[in-house]
Amino acid sequence: MATEGVQHVALSLTDHLPVLVVLIPFLAAPLVVLIGRNRLAWPLAFIAAIGSFVVSAQLLMQVGDGDVLSYHLGGWAPPLGIEYRVDAANAFVLLIISAIATVLLPYTRASIRAELPERHIALFYALFLLAFSGLLGVAVTGDAFNLFVFLEISSLSTYVLIALGAYKDKRALTTAFNYLVMGTIGATFYVIGIGFLYMATGTLNMADLAERIADAQGNRTIHAGFAFVVVGIGLKVAIYPLHLWLPNAYTYAPSAVSAFLAATATKVAVYVLMRFMFSVFQPGYTYEAAILHLIILPLAILGMFAGSFIAIFQNDFKKMLAYSSIAQIGYMLLGIGLLSETGLTAAIIHLFNHAITKATLFMVVGAYVLRSGGSFYANLEGMGRIMPWTSAAAVVGGLSLIGVPGTAGFISKWILVQAALESGAWWIALLVVASSLLAVIYVWRGVEVVFLKPPQDDVDRREAPLTMIVPIWIMAAACVYFGLATDVTLSAAQAAAEGLFAGPLPLTVEH
Amino acid sequence: MDQFTLPFIIGHLNYWLFTLLMMTGLYIVVAKGNLVKKIVGLNMFQTSVFMLYISMGKVTGGTAPIFPIDMQIDPDVVYSNPLPHVLILTAIVVGIATTALGLALIVRIREEYHTIEEGLIQKIELEKATREIREFGEVMGGGE
């Protein structure tokens, strides 16, 4: 009996991959709490992350040639049932999230132990897994309302993760509270938007929505729904004027949390924005084209410059990185706003490249914080001599952030410039280059402090532990590798962009 | 503007109230300095969405979408749309979780700051930031 059951599961396991990728960390989270032992929490979380990583790598291979996987939750056929839908775009996002989590988890051991009290360590891993599975769920689902539920699972756990920074700085609490208020407003806007879309179309399945929206050009309820969705997700993306929650959240959260959020949370929100703008609503949708050109594009450019400019004047390394994130999100939005396949490819590839770049840099800051006790530039003086390995990775990350040839950041900016030139907007290409020059300034300020100043007397004069160095260098090596071997990421991003740009995919189910 | 007739306005009463409730909630979140009041506003804002969904699920003349116990379904009976109700059940759970977490954060904020007024908290944070700039700003040639 038992063997029969096992066999049955083993046979159909590959069919269940789309749901497994979410379920593994989602079930591991309560397990970590129930076991409640700090020593077991980390291995469990790590195994769950590896599990998700393996599954999403499998998924990406399966959809690599343009296939679309459709998984019916509980056997209920869409559009009535909830559908998990994996295509090249979200398989790529799934892989990014799970890869970052897998590399980051070993790093959290030393970092979290230093920044959190002993009794919270197991709970930290439970929250981390919840946030992780929420983000994966957002990426994998093909149901607009289900997306909201996953968005809230990840957001609620993120608020707590940020508030955990209160053991170092009490401002983490007010930051988490502000993020909670703004995040909830954003999520509620999204629900209102989905409500309007449901009112006009009577469906929540994304593929089904796309079909019906295409038939209902000019419906004002749908226009309102679109506006609400874009603003709601825009808050999560941190589009320039809606970015107010981001700088403090990244600054005061525990270092490992900052690295995880900066690399994944906003990226997933950008993916949702792309999904709605190119799959659910089509680029041909006239109302959307106007919004993209008149609102998203100017705000993206404004964000590029404002974020970089403010980053220059920070005296805290972490806060500088946070503002630079706002600028980098501007590049992704610019790619979306250009409304071409090349632009979308640039956005997707920058999503990946920026994720690894920012993960490297935030992890480096975490290592500095571990040894010097703070992330102010004053704390980091001369760390280049004390922690040569960590600081070398910081330089690699910084170069990738600027977009120097040979690093990942260069590839995405190159394609972005190409996309701008392709659409005849040479001035946008110039602006991309100009804002990169601002990045040179803020990265140089960091390098100057770390390498050219003498170290302070009261710092711990040791290199970071190996559990931190290895993840940092895996990420830093990825920054270089994907800057040289571009065909892997480029073909994945192109396939994803093609998939998104192809418009609505037919519902895979026979009606 | 001839569609704004009296029957139209009265017929959409739910939606007017939804808009009113939603804007009231949003206004409280923005305008009130007390953190608990902000959470109350946020709650109103979220609850207004429940009203929107429930309203759109209503089918004129429809009854509760429950089949009779003997499963003898009368084809003449009109049922309301149950799907929005189900969605809102989920949204209620999310709302409760958000409120609970918000209130828990307020408790922690009060422990650390000894106040839950936004203005006072900002003053404390500004002082802290000024101190930091004085202490750490010199490195960058900034300082005061």
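Just so you know, all these numbers are worked out from the coordinates, no wet-lab data involved. Keep in mind it's a predicted model, so treat the numbers as computed, not measured. Counting neighbours? That spans all protein chains shown, and the Cβs are built from the backbone with ideal geometry, glycine included.
Tell me the net charge near A:A110. Cut-off is 13 Å between Cβ atoms, A:A110 excluded, with +1 for each Lys or Arg and -1 for each Asp or Glu. Residues close to A:A110 contribute a combined charge of +1.
Within a 10 angstrom radius of the beta carbon, how do B:V78, A:V450 rank from fewest other beta carbons to most?
B:V78, A:V450
A straight line joining the Cα centroids of the range A:431-494 and the range A:149-221 runs 32 Å. Excluding A:G403 itself, what net charge comes from residues whose Cβ is under 14 Å from its Cβ, given Lys and Arg +1 and Asp and Glu -1? Taking every other residue near A:G403 into account, the sum is +2. Name the long-range amide H neighbours of A:V404: under 5 Å, sequence gap of 5 or more, or other chain; modelled H, no Pro or chain starts. The answer is A:F410.
Rounded to whole numbers, the Karplus 3J(HN,Hα) couplings from phi for the range A:136-152 are 4, x, 4, 6, 8, 6, x, 10, 5, 7, 4, 4, 4, 4, 5, 4, 6 Hz, using 6.51 cos²θ - 1.76 cosθ + 1.60 with θ = phi - 60°, and x at Gly and Pro.
Computed log10 I(q)/I(0) for the protein assembly as shown at 0.06, 0.07, 0.09, 0.12 Å⁻¹: -0.32, -0.44, -0.74, -1.34, from the Debye equation with unit scatterers placed on every C-alpha and solvent omitted. Summary value for chain B: 19 percent relative contact order, contacts being C-alpha pairs under 8 angstrom separated by 6+ residues. Taking Cβ atoms as reference points and 12 Å as the exclusive limit, the residues near A:Q494 contribute a net charge of -3, counting Lys and Arg as +1 and Asp and Glu as -1. Check cross-link reach from B:K128 to the aspartates and glutamates: straight Cα distance under 19 Å, and skip same-chain residues fewer than eight apart. Output for B:K128: A:D169, A:D316, B:E111, B:E112, B:E117, B:E118, B:E138, B:E144.
Helix B:118-136 and the long axis of chain B differ in direction by around 40°, with both axes built from C-alpha atoms. Placing +1 on the Cβ of every Lys and Arg and -1 on the Cβ of every Asp and Glu, with nothing else charged, gives chain A a dipole about its Cα centre of roughly 1640 debye.
Comparing A:L34, B:H114, B:A91 along the charge dipole axis of the protein assembly as shown, the residue lying farthest to the positive side is B:H114, per the Cβ-charge model. From the cross-link list A:K267/A:K413; A:K318/B:K123; A:K318/A:K358; A:K319/A:K358; A:K168/A:K267, which pairs have alpha carbons spaced over 19 Å apart? Where the Cα-Cα span goes over 19 Å, the pairs concerned are A:K318/B:K123; A:K168/A:K267. Think of each Lys and Arg Cβ as +1 and each Asp and Glu Cβ as -1; about the Cα centre, that makes the dipole of the range A:1-131 roughly 680 debye. Each of A:E83, A:E211 has some number of other Cβ atoms within 10 Å of its Cβ, and from fewest to most they run A:E211, A:E83. For chain A, the relative contact order is 16 percent, taking Cα pairs closer than 8 Å that sit 6 or more residues apart in sequence and dividing their mean separation by the residue count. The residue list A:H120, A:A269, A:V470 was ranked by how far each Cα lies along the charge dipole of the protein assembly as shown toward its positive end, using unit charges on Cβ atoms, and A:H120 comes out on top. With θ taken as phi - 60° and the Karplus curve 6.51 cos²θ - 1.76 cosθ + 1.60 applied, the whole-hertz 3J(HN,Hα) list for the range A:62-67 is 5, 9, x, 9, x, 6 Hz, x standing for glycine and proline. Averaging over all projection directions, the Cα-based convex hull of chain B occupies 16.1 nm² in the image plane.
Remark: A:V149, B:V40 ranked as B:V40, A:V149, counting other beta-carbon atoms within 10 Å and listing the fewest first. Relative contact order of the range B:1-62, taken over Cα pairs closer than 8 Å and 6 or more residues apart, is 33 percent.
Can you give the charge dipole size of chain B about its Cα centre, rounded to the nearest 20 debye, using +1 on the beta carbon of Lys and Arg and -1 on the beta carbon of Asp and Glu?
240
Per DSSP H run of at least 4 residues, take -39500 (n - 2.57); add these up for the protein assembly as shown, divide by its residues and hand me the 222 nm value, nearest 500 deg cm²/dmol.
On the way: 27 runs with 479 residues, N = 655.
Calculated mean residue ellipticity at 222 nm is -24500 deg cm²/dmol.
Just name one of A:I415, A:F317, A:G397: the one whose Cα is farthest towards the positive end of the charge dipole of the range A:14-501 (beta-carbon charges, Lys/Arg +1, Asp/Glu -1). Checked the options; the winner is A:F317.
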